[in-house]
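Notes to accompany the following structure.
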Amino acid sequence: MTSTKIFRKYTLTEVAQMLDVLPNELARYFGQTGGLPHRLLFDDADIEKIRVEMGLKSWWGTKQESTVQDSNQIRGLVRSLSSMILAHGLVRAERADNLLRGLEGSEQALIRRYINTLLRMGILKSEPSISALEISLDHSKKIILEEIVKGSRYPSSIESLWK
Amino acid sequence: MGNKQIQSEITKNLDGVLRWRQREEERFEKEELKLQRDGKLLQDEIERLRDELKKVEERQVEAKSERAALDGKELEKKRTLLFDGLKSENSLIEERTSEYQKIQKEHESNLNNMLSIPEYAQKIKEYESFLDIQETLAQLPESYRNATMTHHGVVRKALDPVFTAMNAPLPKSSLAPAALTVQIFSETSIEELREVAILLPIRFEVFTRWREGEETLEHKILFRVNGAIAAMLKKVGVVRASIREEDFDGYILLLVSIYSELLGDLKVALQAEIARINRYATELQVSQLSLNCIWLSSDIIESDEEEYYDEY
């Protein structure tokens, strides 16, 4: 594609990379909002619009709530996410990938495993939506997260993430 | 000559009886031999028939069990066909990707040639300068703003041929039209449909390694079908559903699970969306490809293994 700014177009894969979202999920968003364009090319103006409409946020990008310090890096990440979940509340379902966005590589893989553990324990509830998996917090179980944030008690399935 | 002894009638009659007996003995001897032969033949025939009956009975048992295995054999044949089809259709996509990329590069090269013409290059710089200040225009004095807008109009008009060339449809390949199969598997009747699996001739690694390499027709078709599934769900009023990618022996299986009420015919809706792809998707038209839906029983792809997977 030409390098001239006004003619620069992005493929759907490039847009997905820029937004840090799975391209299939991006395609489904288009399917729900009038369909994919005839030519699968997008310009700069499309990207911000998509970010807003898909509700894409970056929990780790801002580092606003990730204040938990821990001598163990993995445990620190787990406690930080727990703290962010409590601060956010997750009363209304949130895109699961928002909880990962901003992290990369092994850190993202770890947090993904932690989210799956919380889902299996029923602390987080999953709500399938067409574009992405959405999650919310079961507030009757939030004490478990509070204990994790304090570092006072860890359920064995969570402790196994760093042991 | 000696005296001829005259036999009495009794003697004659007794001799007659002896001859009769001899004849009878001979007759019975012959008959007995014949009966023995016939008996032997019949015994042989009985043996042969017994053997034949045994074989027929054995074949009956075999045929019964072979018949019972027909479902399995049919499935096996279908699976073989399905895999061969996936492989050959994937090769077709690969072949058409090269063709599509060639056409696309020619188009880009033509556009770049046009952009390198000094007259256009200058106008593009001016156009881009306008875009950079566009948001601040409102803060400028009206007379300056009007002059800038008028000039931008002139620049935009001068660039019309470039925009026209950029938006011109890509030419179609001269390759023969070909179709790809979208295999749709469902278990229950259409009214009770809650799960649909969609198998595509697209390698699973296109999904897992999507960040690597250039976007090909495999990627684009996968995106189109994902878009079609989402549009189908919207069309039939489904608000809660999940779509999961699974590895089906190296190919992508999209597993659609529906958790809310269906307000329309899923089959009709999906077929309409696939038809829409065939009508509008530029990359398919250019590469002379189209998508065909077939609905199949989910038995073909079901395995006995229960797999555990992470939700996210």
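Values quoted throughout were computed directly from the atomic coordinates according to the rules given, and no laboratory measurement underlies them. Values in this document were obtained by computation on a predicted structure and should not be read as measured data. Note: ideal-geometry Cβ built from the backbone for every residue, glycine included; neighbour counts use all protein chains shown.
Using the alpha-carbon positions of the range A:21-163, Rg (one decimal) and Dmax (whole number) come out as 16.6, 56 Å. The label point for B:D84 and the one for B:Q22, both projected 7 Å from the Cα toward the Cβ, are 8.4 nm apart.
Annotation: the residues A:R51, B:R37, sorted from fewest to most other C-beta atoms within 10 Å of their own C-beta, follow the order B:R37, A:R51.
Rg/Rh for the protein assembly as shown (Cα atoms only, Rh after Kirkwood) is 1.42. Here A:A109 and B:Q104 are evaluated by their C-beta separation; at R0 = 35 Å the FRET efficiency comes out at 0.50.
Using only atoms on other chains, find how many Cβ atoms lie within 10 Å of each Cβ of peptide B:107-113 and report the average.
2
Specify which residue in the list B:V56, B:A69, B:Q36 is farthest towards the positive end of the charge dipole of the range B:1-126, using unit charges on the beta carbon of Lys, Arg (+1) and Asp, Glu (-1), about the Cα centre. Result: B:Q36, furthest along the dipole toward the positive end.
Using the Stokes-Einstein relation with a Kirkwood hydrodynamic radius computed over Cα pairs, the translational diffusion coefficient of the range B:155-250 at 4 °C and a viscosity of 1.567 mPa s comes to 76 µm²/s.
The ranking of B:S287, A:S80, B:S242, B:S297 from fewest to most other beta carbons within 10 Å of each one's beta carbon is B:S297, B:S242, A:S80, B:S287.
If I model a spin label at B:R194 and B:Q5 as a point 7 Å from the Cα along the Cα→Cβ vector, what separation in nanometres do I get? Between B:R194 and B:Q5, the simple spin-label model gives 11.7 nm. Looking at the range B:229-302, none of the trypsin sites (Lys or Arg not before Pro) sits in a DSSP loop with at most 11 other Cβ atoms within 10 Å of its own Cβ. Counting only GluC sites (Glu not before Pro) that DSSP places in a loop and that have at most 14 other Cβ atoms within 10 Å, the longest clean stretch of chain B runs over B:1-186. Evaluated with a Cβ-only charge set (Lys, Arg +1; Asp, Glu -1), the protein assembly as shown carries a dipole of roughly 540 debye about its Cα centre, given to the nearest 20.
In the range B:94-209, the ratio of gyration radius to Kirkwood radius, Rg to Rh, stands at 1.25 when only Cα atoms are counted. The orientation-averaged projected area of the convex hull spanned by the Cα atoms of the range B:227-309 comes to 6.9 nm².
Here the simple spin-label model places points 7 Å from the Cα toward Cβ, and for B:E58 and B:E302 these points are separated by 3.6 nm. How many percent of all Cα-Cα pairs in the range B:1-157 sit more than 20 Å apart? Value for the range B:1-157 (Cα pairs over 20 Å): 82 percent.
If you take all C-alpha pairs in the range B:35-122, what percent of them are over 22 Å apart?
70 percent
Note on chain B: percent of Cα-Cα distances in each 20 Å bin, starting at 0 and stopping at the bin with the largest distance, equals 20, 29, 20, 9, 7, 7, 4, 2, 1, 0.
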